[in-house]
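Remarks on the structure that follows.
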Amino acid sequence: MNEPVTITAQNVAVDASYYWRDMSDCPVNSKVQLLSAGGLPQYGLWDGKNTFYMGWAPLPKRRPKAALGTCQQCGCCRAGGAA
């Protein structure tokens, strides 16, 4: 289930229940999203020492594909074959 997303006055989609994590628990030398001291996010690897970053976030992953028979787009994979 997806949490509601808010659109700000600056036209930015924000998940109000998700926050940047503290750098103290950022995995070292793993690709993450990093929040710079200037407030700009970027993807990268943190070396465990650089103090330029204020926070981090893990990368999202895609949901697993729907099981056969649950497709609602074209009907070709519904139980019983083609529609």
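The values are calculated or read from the model by the stated rules, or taken from the named source; none is laboratory data. Source: prediction; values computed, not measured. Neighbour counts run over all protein chains shown; Cβ positions are idealised from the backbone, glycine included. The accessibility values were calculated without ligands, DNA or RNA, using every heavy atom of the protein model including side chains. Shrake-Rupley method; radii C 1.70, N 1.55, O 1.52, S 1.80 Å.
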### Query
For region 38-53, how many residues are within 20 Å of VAL12 (Cα to Cα) and open to solvent by 100 Å² or more (accessible area, probe 1.4 Å)?
2
## Note on the structure
Reported set for region 19-37 where residues are open to solvent by 20 Å² or more (accessible area, probe 1.4 Å) and among the β-branched types (Val, Ile, Thr) is VAL28
### Query
What about THR51, is it polar (S, T, N, Q), out of contact with any Gly (no Cβ under 8 Å at 6 or more places or on another chain) and outside any strand (DSSP E or B)?
yes
